[in-house]
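Participant: What follows is a single structure, and I will ask about it in a moment.
The values are calculated or read from the model by the stated rules, or taken from the named source; none is laboratory data. Only a predicted model underlies this, so the values are computations on that prediction, with no experimental measurement involved. All Cβ positions, even for glycine, are placed from backbone atoms using ideal geometry, and neighbour counts span all protein chains on display. Surface areas here come from the heavy atoms of the whole protein model, side chains and all, with no ligands, DNA or RNA. Shrake-Rupley method; radii C 1.70, N 1.55, O 1.52, S 1.80 Å.
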Amino acid sequence: MKVTVGVSGGIAAYKAVELVRAFQRQALDVHVVMTEAAQRFIQPLTFASLTGHRVITSLWNDGPEEENPASAIEHIDTAISTDALVVAPATANLVAKFAQGLADDFLTTMYLATPAPVVLAPAMNVNMWNHPATQANLRLLEDRGVRIVPPESGQLACGMVGSGRLAETDAILRAVLDVLHRRNDLAGETVLITAGGTRESIDPVRFLGNRSSGKMGYALAEAALRRGAKVVLVSAPTALRPPLGCEVVPVTTTEEMRTAVLGRLPEATIIVKAAAVADYRPVVQAEQKLKRSGPLTIELQPTEDILAEVVQRRREGQLVIGFAAETENALVHGRDKLLRKGADAIVLNDVSREGIGFDSDRNAVTFLTRQTAIEFPEMTKRELADRILEEVMSLRRPQKVVAEQ
Ligand code: PMT
């Protein structure tokens, strides 16, 4: 497997040497890209000698290679052929450029062009690290699926004490091995994901809805795509842009979602029901806008339970994962839903907690199966999506039988 190490211009640039050696010990083919500033701290020759490959230092080739037309698209070739891009150290400037999509040198251009997973190990002065601009840039990148290996705390090169020291080689190595392992582990799977909140019309201008933004479902779609799956995203209305490469089936009502899900069920190997589905619809939908005149009673009838129907119709080998949004006694209600609906697992959200769940970029969940309850602490929905998919894939492996106590 091929790993590209990007080195940007910080005092910790010399530590990238140790990182390159660590990757080589894992039998990875390492290529190095350096920014102009990085070359002020360490010579490209050091990396070229270690890796046996030319170190890429510029978008422009000097010398006779310039005539080679292939060199003009080297960043695209390198970007496409690498299995992971890791930048260590990543300076505040580099982080900002990645976040804003600037492409003014080889490394930043390659970042935009690569479909491979990206790991950033920032290192900088503590005030630069703590600055809201840097933190906002990092959050943006995390939301886009970039894995951040946070710096450590301690004495910094500038003499100050605090966070900013490049993470230990082992921590960066673990993160890279982790993303490499994830790559393509869903190849051959067709993942059917539902997202957002369905809406049931009361009259032509009003509807019954819920607080789901679709962020959790869209994060799952992106994570599954990145891991090589074919993704069908059945999406209730959201303000989100679907990840490039998935097939989107837009729906509004529960009945439309049901038709879309059951229609695509035969081809799906994994079904993840992250949508918040309206449990009731008005018995009568007024043809004209209802006029305000005193108290109003709307009679509701239950909608179809799509998840339960999917479980009933499932064929062998299909994994069915539901979500549950609870506001009290989450574990009890979650377990009840798991057994009642017959899914393989339920991802349980305690939506009474501040700052997570509905419409937040972050979440914390419990992955419930009949045998286990795995707690995932608060993290970005994108990172959580990967953790959930890992648990889903582990259901494919033979399970240890746990004897009842
Ligand atoms: O979209 P976000 O803002 O990112 O928020 C994420 C989320 C909180 C919406 C999501 O993570 C979540 O918890 N989704 C499920 C919410 C929900 O409706 O839970 P529920 O307990 O009502 O339903 C349980 C399961 O049955 C769900 O998988 C649901 O899709 C499914 N269901 C429910 C009712 C119904 N009529 N048909 C169904 O298929």
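Participant: Just one of (1) open to solvent by less than 80 Å² (accessible area, probe 1.4 Å); (2) near the ligand (Cβ under 10 Å from one of its atoms) trips up D359, so point out which.
Facilitator: (1)
Participant: Evaluate the following for R382: is it of a type outside the set (D, E), over 23 Å from the mean Cα position of the chain (by Cα) and within 13 Å of the ligand (Cβ to nearest atom)? Walk me through it before giving the result.
Facilitator: Numbers: of a type outside the set (D, E): yes; over 23 Å from the mean Cα position of the chain (by Cα): no; within 13 Å of the ligand (Cβ to nearest atom): yes.
Judged against the criteria, R382 is not a match.
Participant: Let me ask something else. Which ones in segment 304-318 are open to solvent by 20 Å² or more (accessible area, probe 1.4 Å) and among the β-branched types (V, I, T)? Quick ask: steps written out before the conclusion?
Facilitator: Initially, segment 304-318 is screened for residues open to solvent by 20 Å² or more (accessible area, probe 1.4 Å), giving 304-305, 308-309, 311-317.
The one that is open to solvent by 20 Å² or more (accessible area, probe 1.4 Å) and among the β-branched types (V, I, T): V311.
Participant: Can I ask one more? Sort out which residues of segment 24-36 are of a type in the set (A, V, I, L, M, F, W, C) and either farther than 16 Å from T109 by Cβ or not assigned by TED's automatic domain parsing to the domain that holds A103 (or both), and write them in order of number.
Facilitator: A27, L28, V30
Participant: Do any strands (runs of 3 or more DSSP E) entirely within segment 295-405 hold 2 or more residues that are within 19 Å of A224 (Cβ to Cβ), and if so, which?
Facilitator: Numbers: elements: 300-302, 319-326, 345-350, 362-368, 373-380.
By residue number, 319-326, 345-350, 362-368, 373-380.
Participant: Next question. Looking at (1) touching a residue at least 40 places away in the same chain (Cβ under 8 Å); (2) open to solvent by less than 50 Å² (accessible area, probe 1.4 Å), can you tell me which one F376 breaks?
Facilitator: Here F376 meets the rest and fails (1).
Participant: Of everything in segment 275-294 that's in contact with a strand residue (DSSP E or B) (Cβ under 8 Å, 6 or more places away or on another chain) and open to solvent by 90 Å² or more (accessible area, probe 1.4 Å), which residue is nearest to E326 (Cα to Cα)?
Facilitator: Among residues in segment 275-294 that are in contact with a strand residue (DSSP E or B) (Cβ under 8 Å, 6 or more places away or on another chain) and open to solvent by 90 Å² or more (accessible area, probe 1.4 Å), the one nearest to E326 (Cα to Cα) is D279.
Participant: Does segment 335-343 contain any residue that is within 13 Å of the ligand (Cβ to nearest atom) and farther than 23 Å from I270 by Cα?
Facilitator: No.
Participant: Taking segment 147-160, which residues are among the hydrophobic types (A, V, I, L, M, F, W, C) and modelled with pLDDT of 95 or more?
Facilitator: I148, V149
Participant: Further question: Could you name every one of the strands (runs of 3 or more DSSP E) located completely within segment 94-172 that has at least 1 residues being over 30 Å from I73 (Cβ atoms)?
Facilitator: It comes to 152-155, 161-165.
Participant: If I filter segment 344-354 down to residues being open to solvent by 20 Å² or more (accessible area, probe 1.4 Å) and in contact (Cβ under 8 Å) with a residue 12 or more places away in the chain, which single residue comes out as nearest to the ligand (Cβ to nearest atom)?
Facilitator: V351
Participant: Taking segment 197-232 as the region of interest, how many residues are within 15 Å of the ligand (Cβ to nearest atom) and touching a Pro at 6+ places or on another chain (Cβ under 6 Å)?
Facilitator: 2
Participant: Output the qualifying pairs, or none if there are none: Cβ atoms under 8 angstrom, residues six or more apart or on different chains, first residue in segment 16-38 and of a type in the set (K, R), second residue not in a loop (DSSP other than H, G, I, E, B).
Facilitator: If the second residue must be not in a loop (DSSP other than H, G, I, E, B), the pairs left are R21/L50.
Participant: Does segment 247-262 include one or more residues that are open to solvent by 70 Å² or more (accessible area, probe 1.4 Å), free of Cβ contacts under 8 Å to residues at least 60 places away in the same chain and among the basic types (K, R)?
Facilitator: No: zero hits.
Participant: Kindly evaluate K341 against the criterion of being modelled with pLDDT under 95 and open to solvent by 90 Å² or more (accessible area, probe 1.4 Å).
Facilitator: Answer is no for this residue.
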